[in-house]
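Novice: I am attaching a structure below and will ask some questions about it afterwards.
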Amino acid sequence: MGPMGGDETNTNSRPDVPDGILGDALDAGVAENLVATAPGIELSKEDFAVPLGAPKGRRAAASFIFFTIALDMLALGMIAPVLPRLIASFMAGDATGAAQMLGIFGSVFAVMQFFFSPVLGSLSDRFGRRPVVLLSNFGLGFDYLLMAWAPALGWLFVGRVISGLTASSVPTGMAYMTDVTPVEKRAGAFGLIGAAFGMGFVLGPALGGILGSVNPRLPFWVAGGLSLVNGMYGLFVLPESLSHEHRSRFSWKRANPVGSLRLLKNNRVLLGLAAVLVLGYLAQQSLQNVYVLFADYQFHWTDRSVGLSLALVAVFSGMYGAGLVKPLVKRIGERNALSLGLAGGAIGYCMFGWSRTGVLLLWGIPVLNLMAVAWPSAQSIMSREVKPSEQGQMQGAVQSLRGLAGMFGPVMFTYLFSKSYGPAAPIHAPGAAFFLAAGLLVASLAVAQWVRPPAASRAIAA
């Protein structure tokens, strides 16, 4: 295997996964041991994305995926505090117009994710994960530089469109980790990706605020530079994880959002867990869009207090993803971990909604963040329900669901919050948005109980 990645003509090549930050590797022969120790389960070589007995490759590959996603989230977090100011600077300080334009920017990003995540996922099934991950790195890098340079609002808008198009590292990274991780350890791998999200969201806004105080364009320059450097590093350390024998033809019929979701509807487990995910993603929009407004109205918190509390949310999310998912799934199984995460999220949102002082809300944060256990468990189950050649399409479909929630969630929760407080409110209930989020998670928990993976999948999970 050369320094630029695996020999793509060798269908047995694969990256080696380090034993350190990313947990246990997919050792040569682990799949055979799994087959031998699971009586009654008929598994073949084709049941694994990585061929059995594959030779070792570069040790940094899975770590690169982890840090790619962390850097992508860091870059998104860095620009979040300064994007409103940059938009306002193009609108002669019109705060109302800038707020409306910021909402349009957010919706456009979600729309692009909805339409293009399945395309990029299907492209990774056809051409491999490596080129799509590197495309994301270089695309986002040049895009942030474009936004840093933007001389007019129109250029900034174009940059946001490109961001939504190229931000494919999450679905493709998930597919990559599926390729290199044995089925019984995928929940832990997905949990580490959740920890990467947490790292980015903890450090991003803080770093963006510091850099933005110097110049509102500086966070864009830094974000662009980090993405490009990461892409250059990936050229040398990231081998291909998907062998030629497991690739599929690209088809627009499968790559469009409707076509990608069709993959989910033909399987009861996939369809049910897709419903669980979309309800959960929708509930998360309450945290992203109402939390700051609620804390300001209910507790009169300063920006510093709000920022520290959000950092606490991200810290617990990262801790659970990195340190709790793997042992918990090993002890109670994926289905029970999924149920525990959803129940914890519902209770946490209720604690938010009931809080009259900041104390109950802060106690609710570690409970709410049990949701970090639910998503890896759900995606681990889903990854076993499709062939290796469909992992990218499936992850793209999941990302489309996230984009769908991003399109409708902000309007729904902010509207409900605006109608739940003040003298004109039919019922004074500032926490109504969080109660709605809790209700969505209760509904997703009910759906999760309805979903029953096949006996073979349950045996593997155990």
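Novice: Just to check your reading of the model, which residue among G272, G318 is open to solvent by 10 Å² or more (accessible area, probe 1.4 Å) and in a helix (DSSP H, G or I)?
Specialist: Working: G272 fails: open to solvent by 10 Å² or more (accessible area, probe 1.4 Å).
Sole residue among the options that is open to solvent by 10 Å² or more (accessible area, probe 1.4 Å) and in a helix (DSSP H, G or I): G318.
Novice: Sticking with this one: Every residue in segment 295-310 that is within 28 Å of the chain's Cα centre (by Cα) and either surrounded by 15 or more Cβ atoms within 10 Å (Cβ to Cβ) or within 23 Å of G422 (Cβ to Cβ) (or both), please. I'd like the intermediate steps shown before the answer.
Specialist: The initial filter retains those residues of segment 295-310 that are within 28 Å of the chain's Cα centre (by Cα), namely 295-296, 303-310.
Selection gives A295, D296, D303, S305, V306, G307, S309, L310.
Novice: If G364 satisfies all but one of (1) under 30 Å from S241 (Cα atoms); (2) touching a Gly at 6+ places or on another chain (Cβ under 8 Å); (3) surrounded by fewer than 24 Cβ atoms within 10 Å (Cβ to Cβ), what's the number of the condition it fails?
Specialist: If we test G364 against (1) under 30 Å from S241 (Cα atoms); (2) touching a Gly at 6+ places or on another chain (Cβ under 8 Å); (3) surrounded by fewer than 24 Cβ atoms within 10 Å (Cβ to Cβ), just (1) comes out false.
Here's the yes/no breakdown for (1) free of Cβ contacts under 8 Å to residues at least 12 places away in the same chain; (2) open to solvent by 30 Å² or more (accessible area, probe 1.4 Å); (3) in a helix (DSSP H, G or I); (4) under 13 Å from F294 (Cα atoms):
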residue: R402; (1), (2), (3), (4): no, yes, yes, no
residue: F408; (1), (2), (3), (4): no, yes, yes, no
residue: F413; (1), (2), (3), (4): no, no, yes, yes
residue: F417; (1), (2), (3), (4): no, no, yes, yes
residue: A424; (1), (2), (3), (4): yes, yes, no, no
residue: I427; (1), (2), (3), (4): yes, yes, no, no
residue: S444; (1), (2), (3), (4): no, no, yes, no
residue: V447; (1), (2), (3), (4): no, yes, yes, no
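Novice: If E385 satisfies all but one of (1) touching a Lys or Arg at 6+ places or on another chain (Cβ under 9 Å); (2) part of a loop (DSSP other than H, G, I, E, B); (3) under 30 Å from N266 (Cα atoms), what's the number of the condition it fails?
Specialist: Condition not satisfied by E385: (1).
Novice: Right, next: For residues in segment 321-358 being β-branched (V, I, T) and open to solvent by less than 40 Å² (accessible area, probe 1.4 Å), which is farthest from A80 (Cα to Cα)?
Specialist: Of all residues in segment 321-358, those β-branched (V, I, T) come to 325, 329, 332, 347, 357.
Keeping just the survivors that are open to solvent by less than 40 Å² (accessible area, probe 1.4 Å) gives 325, 329.
Values: V325: 29, V329: 34 Å.
Here the residue is V329.
Novice: I would also like to ask the following. Would you check which residues across segment 196-235 are polar (S, T, N, Q), within 16 Å of G77 (Cβ to Cβ) and open to solvent by 10 Å² or more (accessible area, probe 1.4 Å) and list them? Give the derivation first.
Specialist: Of segment 196-235, the ones polar (S, T, N, Q) are 213, 215, 227, 230.
Going one step further and asking which of them are within 16 Å of G77 (Cβ to Cβ), we end up with 213, 227, 230.
If the condition is that a residue be polar (S, T, N, Q), within 16 Å of G77 (Cβ to Cβ) and open to solvent by 10 Å² or more (accessible area, probe 1.4 Å), then S213, N230 are the ones that fit.
Novice: Name the helices (runs of 4 or more DSSP H) wholly inside segment 80-185 in which the number of residues that are more than 17 Å from the chain's Cα centre (by Cα) and either free of Cβ contacts under 8 Å to residues at least 40 places away in the same chain or surrounded by fewer than 17 Cβ atoms within 10 Å (Cβ to Cβ) (or both) is 3 or more.
Specialist: Working: elements: 83-89, 95-127, 129-149, 153-166, 169-180.
Fully inside segment 80-185 and qualifying: 83-89, 95-127, 129-149, 153-166.
The values are calculated or read from the model by the stated rules, or taken from the named source; none is laboratory data. Predicted model only: the values in this text are computed from it and were never measured. With ideal geometry, Cβ positions are generated from the backbone for all residues, glycine too; neighbour counts draw on all protein chains shown. In case anyone asks, the SASA skips ligands and DNA or RNA and just uses the protein heavy atoms, side chains included. Shrake-Rupley method; radii C 1.70, N 1.55, O 1.52, S 1.80 Å.
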